[in-house]
1. Output wanted: per-residue J couplings in Hz (rounded whole) for the range 235-243, from phi through Karplus 6.51 cos²θ - 1.76 cosθ + 1.60, θ = phi - 60°, x for Gly and Pro.
2. Would you mind estimating how fast the range 220-318 diffuses translationally, via Stokes-Einstein at 10 °C and 1.306 mPa s with the Kirkwood radius over Cα pairs, in µm²/s?
3. Can you tell me the accessible area per residue over the range 137-204, all protein chains present, probe 1.4 angstrom, in square angstrom?
4. Using only Cα atoms, tell me the angle between helix 87-103 and the longest principal axis of the chain; keep it within 0 to 90° and round to the nearest 10.
5. Between the range 2-59 and the range 234-272, how far is it from one alpha carbon centroid to the other, in angstrom?
6. Kindly state, to the nearest 0.05, the FRET efficiency for THR85 paired with ASP196, given R0 = 22 Å and r defined as their beta-carbon distance.
7. At 1.4 Å probe size, with the rest of the protein present, what percent of the exposed accessible area of the chain is carbon and sulfur atoms?
8. Would you please give the FRET efficiency between ILE33 and GLU69, computed as 1/(1 + (r/R0)^6) with r the Cβ-Cβ distance and R0 = 45 Å, to the nearest 0.05?
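The values are calculated or read from the model by the stated rules, or taken from the named source; none is laboratory data. Please read all numbers here as calculations on a predicted model, not as lab measurements. For neighbour counting, all protein chains shown are included, and Cβ atoms are generated from backbone atoms with ideal geometry for every residue, glycine included. Side chains are part of the model used for accessible areas, which takes the heavy atoms of the whole protein and leaves out ligands, DNA and RNA. Shrake-Rupley method; radii C 1.70, N 1.55, O 1.52, S 1.80 Å.
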Amino acid sequence: MEHLYGRIWTDEPFYGRLCLEDGKVIKMEECPISDSEFFQNDIFFNLTDTHTHIGDAGLTVDRKYSLEELVAPPNGLKHRHLRETDDSVIVNSMKRYASLLRENGTYRIIDFREGGLDGISMISHVDIDSTVMGRPVSPEFDINEMESILKVADGIGISSISDMDHSYIDSVADIVHRKGKYLAIHVSERIREDIDYVLSLNPDLIVHMCEATDSDLKKIADEEIPISICARSNLYFDRVPPLKRMESAGCMLSVGTDNAMLSTPNIFDESKVFREVAEAQGCSQDLTFTSLSRGRKILNKECSKGVNPEDISCVTVVDKGLAVSQIRIFS
């Protein structure tokens, strides 16, 4: 039997060891804190990057762009790249990026797939566990398109409530919920947006919230809606995620790498920047680790309370500097 020691990040982290046999975790057990020499690492299960756009992995950003110039639909540089680039080139770039995500300890991604059905079909070629958030391409609400997307996607990822007519968004949200799928929304990334309207859509995941007020954050916390934090892309666009205010409001935070064209395929590179922002704002010491560990439960209906050894598909071990020391992926 083999053992891995460290601080084990379940719902309530504890110092202990994993017992592995025949390439599987068979038991987790607490160890006396007096054995502190064993506990120099942190251990995570089924690490999930809660916000990716891996479709733009092949795009080279040649200068500093504003948020509108780079990612705003329909004519931001990213969207032009996705429209004008051959599908095979995009798929190959996605494959390489996803492979590196796995090599760096990420087990699952929540990927926002532009391009309607065609965009969703691309991710089937990518070797990483994915929760797929589709996006319609029709300028007007098309019930047939939505039904086709929701047959193959896990849900819908809306770019922003500022990017489209509210009647269109209402129709999208209605069919998503009727089909029992997920709804995720980018909110208050560039400007503050109406949180009451956002909450009326009953989203399952919110991304960014850089321009949110304290009242906005408290409402999200009260509704227990998780927020994916993408510190590197926020800082690129001269935004700073208000982590201290989010923590004080009681928000449930997780970590996302966002656009592949801007970020290395490594959730721990992202987490280092998250930690720098958190420390500068005076957040609690373990906010980064807590946010990393929460990702596995977000948009994951199969995730049970706590961690059962039989549910562990990937173990990632990191040191206090967020450097990966071991990755174990179980088939």
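1. Listing the rounded values in order: 5, 4, 8, 6, 10, 10, x, x, 4 Hz.
2. This corresponds to a translational diffusion coefficient of 110 µm²/s.
3. Per residue, the range 137-204 has 46 Å² of solvent-accessible surface.
4. That helix lies at roughly 20 degrees to the long axis.
5. Using only Cα atoms to place each centre, the spacing works out to 21 Å.
6. That pair, THR85 with ASP196, gives E of 0.05.
7. Taking all protein chains in place, the chain shows 46 percent carbon and sulfur surface.
8. With R0 = 45 Å, the Cβ-Cβ based efficiency is 0.30.
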